[in-house]
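Everything below concerns the one structure shown next.
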Amino acid sequence: MSKTILVTGASGFLGSHLCKNLLEQGHTVTGLDNFFTSARENLHLCEQHDSFSFIEGDIIDPQTVAGLGSYDEIYNLACPASPPHYQKDPVYTMKTSVFGALNLLELAKNTGARIFQASTSEVYGDPEVHPQNEDYVGHVNTLGPRACYDEGKRAAETLFMDYHREYGVDIRIVRIFNTYGPHMDPEDGRVVSNFICQALRGDPITIYGDGSQTRSFCYVDDLINGFITLMNNNKNIIGPVNMGKPGEFTMKELAELVMEITQSSSQVTYHDLPKDDPKKRRPDITKAQSELGWSPQIALKEGLEKTIPWFAQKIGVQNAV
Ligand code: NAD
Ligand code: UDP
């Protein structure tokens, strides 16, 4: 059945893939974004569909959101996501997470929409439990430079749960672990985009700390498939649900893999580890597997091989893939 769907953060990395996928499934999609961390060109393919429309707007503004109209589903992805981006204007990040969630929950309450929240593994902070499952309540430094994002996303989850309990709003919460793929902003400072661009340009690869910290990397197509599977599920699985790819890599291993695939001659350089940088992270996805039948399929090497040519074209360099 064709649905009407609002996607906030539509021109961002994940939002643009989500819009494209929903359009291909025959839905009518409205994208909203204020281009805070992205550019309209990510929506190039979406704008070729008659059933796509775009609104430039800020989810912090209650009047903008109240005037958006009525949809069957709302996906809330709007929020700066890379540490340099969300730390650039931390008050704005917190406002986007909290006021943005509040405004969109009001819209969902008033119109009866099912609403999805893009939460994050950052709600677990620098975790003391490994791997992280959804019952772990987290270890976040409220006062640190990452808190604007971590605490903002935690508060948004709280608002989602309270709107569900108090007003019966039909919610879905996904805790997203590190995801990569085409349409990431080459300059947004995340590790995958940094390493790929540095390797392609022959620039030094910048490892923060000694490179022993770990992350688990999910390819974007797998993640988007998980979002839609959760939203289409009518068994009232409100979440939170972890989504990510459980394989765990040190940043040193990631650098070596990117250099091997790109056949790069870049030198590896070591830099200070940012404050509160989580030492390890890996999702326990048992819940997504057992309740949704979802698990990611694309291995890191295969996903990087799909991603690197896009970056090469974007930054205008030759690549060996
Ligand atoms: P992104 O920065 O590429 O996209 C975010 C989009 O939101 C951008 O287009 C930006 O312009 C827009 N935006 C920011 N503030 C806004 C506001 N106040 N009003 C309207 N638009 C606004 O980031 P992404 O990786 O696509 O992340 C999308 C969502 O997924 C975010 O909520 C992020 O927290 C979450 N997430 C992503 C990852 C990941 O690995 N990519 C991991 C965890 C959580
Ligand atoms: N990182 C790195 N070099 C970079 C960018 C990031 O070593 O050029 C490290 C960063 O310190 C962190 C990991 O890579 O330990 C993942 O960073 P990213 O910003 O991609 O995501 P997050 O820290 O939010 O998981």
In vacuum, with every alpha carbon of segment 93-229 counted as one equal point scatterer, what does the Debye formula give for log10 I(q)/I(0) at q = 0.13, 0.15 Å⁻¹? Two decimals, please.
-0.69, -0.89
Within the chain, percent of DSSP bridges classed antiparallel, to nearest 5:
5
So the FRET efficiency between His49 and Ser290, C-beta based with R0 = 35 Å and rounded to 0.05, is 0.50
Roughly how many nanometres apart are two label points built 7 Å out from the Cα toward the Cβ at Ser265 and Lys280?
3.8
Between Arg40 and Asp61, the two model label points (7 Å from Cα along the beta-carbon direction) sit apart by a distance in nm of 1.6
If you bin every alpha carbon distance in segment 233-304 into 5 Å steps from zero, what whole percent lands in each bin?
3, 12, 17, 17, 15, 14, 10, 6, 4, 1, 0
If you build the Cα gyration tensor of segment 1-138 and take the root of 5 times each eigenvalue, what three semi-axes come out, in whole angstrom, biggest first?
25, 17, 17
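Once every DSSP H run of n ≥ 4 in the chain is given -39500 (n - 2.57) and the sum is divided by its residues, what mean residue ellipticity at 222 nm do you get, rounded to the nearest 500 deg cm²/dmol?
Taken over the chain, the calculation gives -11500 deg cm²/dmol.
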As an exercise, find the ratio Rg/Rh for segment 77-167 from alpha-carbon atoms, using the Kirkwood inverse-distance average for Rh.
0.99
Potential lengthening between Glu256 and Asp162 on full extension [0.36 nm per residue; Cα-Cα distance subtracted]
29.4 nm
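Relative to the present Cα-Cα distance, how much length would full extension add between Ile238 and Glu24 at 0.36 nm per residue of separation?
Numbers: separation 214, 0.36 × 214 = 77.04 nm, distance 2.50 nm.
Length difference between fully extended and current span is 74.5 nm.
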Tell me the label-point distance for the pair Asp210, Gln297, using the 7 Å Cα-to-Cβ offset, in nm and rounded to one decimal.
4.0
Expressed to one decimal in nm², the mean projection of the alpha carbon convex hull of the chain is 15.2
Quick calc, Asp272 & Lys109: beta-carbon distance into FRET formula, R0 41 Å, rounding 0.05, result 0.35
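All of the numbers you see were taken from the coordinates with simple rules; none came from a lab. In this text, all values refer to a predicted model and were calculated from it rather than measured experimentally. Positions of Cβ are generated from backbone atoms using ideal geometry, with glycine treated the same way; all protein chains shown enter the neighbour counts.
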